[in-house]
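Participant: Structure in structure tokens, see below.
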Amino acid sequence: MSLFLAIFIIAAALLFVTGLYSLLVTRNLLRIVISLEILTKGVTLIMLGAGYINGNMATAQAYVITIIILEIVILVIAMGIVLGVYRLNGTLDTHKLNNLKG
């Protein structure tokens, strides 16, 4: 394994861990959406690195394109939900959201 690939995998793992940590720690809905984006970027980079190591780069790229498309759809839906919650409650703090009815 080359030095560049090792640095690439370490950077991707750091992105994943950063996204996971911020997802678990934050209470702001907008920060939660951003941390999900960071987490999925780390996953896509890890998948590219794994595809390069295994020699299946074409398959890894196909999976990454699919993940990116799904990520955009989820981002648009999540931002719509965040915008609706902000308009309804005036805050994005998850501990202050008491008006949720289900």
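Read-outs throughout are calculated quantities, based only on the coordinates presented, and are distinct from any laboratory measurement. Worth saying up front: this structure is predicted, and the values here are computed from it rather than measured. Cβ coordinates were reconstructed from backbone atoms using ideal geometry, including for glycine residues, and neighbour counts include every protein chain displayed.
Participant: Expressed as an acute angle from 0 to 90° and rounded to the nearest 10, what is the orientation of the C-alpha long axis of helix 57-89 relative to the principal long axis of the chain?
Facilitator: The two axes meet at around 10 degrees.
Participant: Among Ile67, Ile9, which comes first, second and so on when ranked by fewest other beta-carbon atoms within 10 Å?
Facilitator: Least crowded to most crowded, the residues run Ile67, Ile9.
Participant: Another question, then. To one decimal place, what Kirkwood hydrodynamic radius in Å is obtained for the chain from all pairs of distinct Cα atoms?
Facilitator: Hydrodynamic radius (Kirkwood, Cα pairs) of the chain is 15.3 Å.
Participant: Right, another one. Once both labels are modelled 7 Å past Cα along the beta-carbon direction, what's the Leu83-Arg31 spacing in nm?
Facilitator: It is 2.3 nm.
Participant: Let me ask you something else. For labels at Ile10 and Thr59 in the simple 7 Å Cα→Cβ model, what's the distance in nm?
Facilitator: With each label placed 7 Å out from Cα toward Cβ, I get 2.9 nm.
Participant: At 7 Å along Cα-to-Cβ for each site, give me the label-to-label distance between Val17 and Thr91 in nm.
Facilitator: Label-label distance for Val17 and Thr91, simple model: 3.4 nm.
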